[in-house]
Amino acid sequence: MKAILQRVLSASVTVEKEVVSSIGKGVLVFAAVGPGDTEKEAESLAAKVLKLKLWDDDAGGRWKRSVMDIGGEVLCVSQFTLLASTKKGNKPDFHGAMGGEEAKRLYQHFFEKVQQGYVADKVKNGVFQAMMEVALVNNGPVTLELSAGQKPTPAPTPTPTPKPAPTE
């Protein structure tokens, strides 16, 4: 699972010219579910969203307070395009994103875990698979990429070439 987290002063989601969700100061989370992602990864990402230290404390200490610490709000938006591959050609390939009902179920699980980990009415949602207009005022700007699960495969360790035996 992958997410882009933005510290915002405000954010909103509009669908078919109607504002369906809006928040004040807090975080906007674009989240994507990939094949092989699990509920455990959704839960891990939800906890990270709530606990990540993005604000300064009152004494000026940098990166000391989370969205919960400041009493902020959270707006979650499903965005499968985060998992697009653009390695070949000019057309994005979305095979890296999970499709259909399983993606919806897992994204909803993520959203519910964010709500359960905080104050439910401070956590808002976009509309899964809808064409959304997302407006935001980024604060900083602060934008971070978060991932859970699907660790990249490490590059193979080169095998040392054996040295030839000395000749006499």
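Heavy-atom accessible surface of the range 1-151, averaged per residue, reaches 55 Å², computed with a 1.4 Å probe. Candidate values (1) 54, 35, 29; (2) 83, 45, 30; (3) 44, 44, 30 were compared with Cα extents along the principal axes in Å computed on the shown model; the agreeing label is (2).
Taking every C-alpha pair closer than 8 Å and separated by at least 6 residues, the mean separation divided by the residue count of the chain gives a relative contact order of 35 percent.
The share of accessible area on the chain that comes from carbon and sulfur is 53 percent, using a 1.4 angstrom probe.
Computed over the chain with a Gaussian network model linking Cα atoms closer than 10 Å, the most mobile of G117, G24, G60 is G60.
Phi angles of the range 44-50 translate, via the Karplus equation with coefficients 6.51, -1.76, 1.60 and θ = phi - 60°, into HN-Hα couplings of 4, 5, 4, 5, 5, 4, 7 Hz per residue; Gly and Pro are given as x.
Taking 0.36 nm per residue of separation and subtracting the Cα-Cα distance, full extension of the segment from K88 to D56 would add 7.4 nm.
The values are calculated or read from the model by the stated rules, or taken from the named source; none is laboratory data. Keep in mind that what you see is a predicted model, and the values were worked out from it rather than measured. To get the accessible areas, we keep the full protein, side chains included, count just its heavy atoms, and leave off ligands, DNA and RNA. Shrake-Rupley method; radii C 1.70, N 1.55, O 1.52, S 1.80 Å.
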